[in-house]
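First up is the structure itself, then whatever we jot down about it.
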Amino acid sequence: MSFTIRHIDHVVLYVADQERSVRFYEDVLGCRVVRRNPKANLVHLGAGASMIDLLPKPDGSSGRNVDHVALRIDPFDGEALIRHLASFGITPGEVRDRFGAEGTGPSLYFDDPDGNTIELKGPSPAMSTARSDSGPA
C-alpha cells in the first residue's frame, strides 16, 4: 500500500479548563472555534489548514496531555490500510467517518510502539468534490 502524508489534520489536547484554553488559542494564537461537539465535550479550533481540538482532562489523570495526532493522507483506502498495518503486526480500529480539518471523512486509529495514538484521515467528500470542480491541479 502506498500513501502520502499531506499534513497534520488535527491534534487533540487534554486541557484542565476548556474555556480558558479556548480563549488562549483564540486570543494568543488567532485560532477560531469552528465547531462544538457537546456530546463528546469537544471544541474544534481552526489553526490554519489544520485544527486543534480541546477535550477536558479526565479527573485524576496526570502527565498525558495529547489524546492523538491525525495525519491527512492520500489516497485513503480503508481495506488496503488495514492490510498494510497488519503486515507490521498492527490491528487498527474500525474505519468510519469522523470530523477533521477538511470536514467529515474516513479515518482509522492505531497506536505507535510507545502507545501514542495516530489517526490516518482521508478527504471529506466536500473536499474531493471541490478539487474535481476546480479542474486539474
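Numbers at a glance
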read-out: Distant alpha-carbon pairs in the chain (separation over 25 angstrom), percent; value: 32 percent
read-out: Length added when fully stretched, Val33-Thr4, from 0.36 nm per residue minus Cα-Cα; value: 7.6 nm
read-out: Förster radius 35 Å - calculated FRET efficiency between Ala16 and Arg96 (Cβ-Cβ, nearest 0.05); value: 0.75
read-out: Near-label residues of region 1-33 by backbone N, under 17 Å of a point 7 Å along Cα→Cβ of Phe88; value: 1-9
read-out: Net dipole in debye of the chain [+1 Lys, Arg Cβ; -1 Asp, Glu Cβ; about Cα centre; nearest 20]; value: 260 debye
read-out: Selected from Leu85, Ile73, Gly103, residue furthest toward positive end of dipole (the chain; charges at beta carbon); value: Gly103
read-out: Extension gain, Glu79 back to Thr117 (0.36 nm per residue minus Cα-Cα distance, nm); value: 11.7 nm
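Quick note: the coordinates plus some simple rules give every number you see, no bench work behind them. The model shown is predicted, which means the values in this text are computed figures rather than measured ones. Don't worry about glycine lacking a Cβ; one is built from the backbone with ideal geometry, like all the others, and counts go over all protein chains shown.
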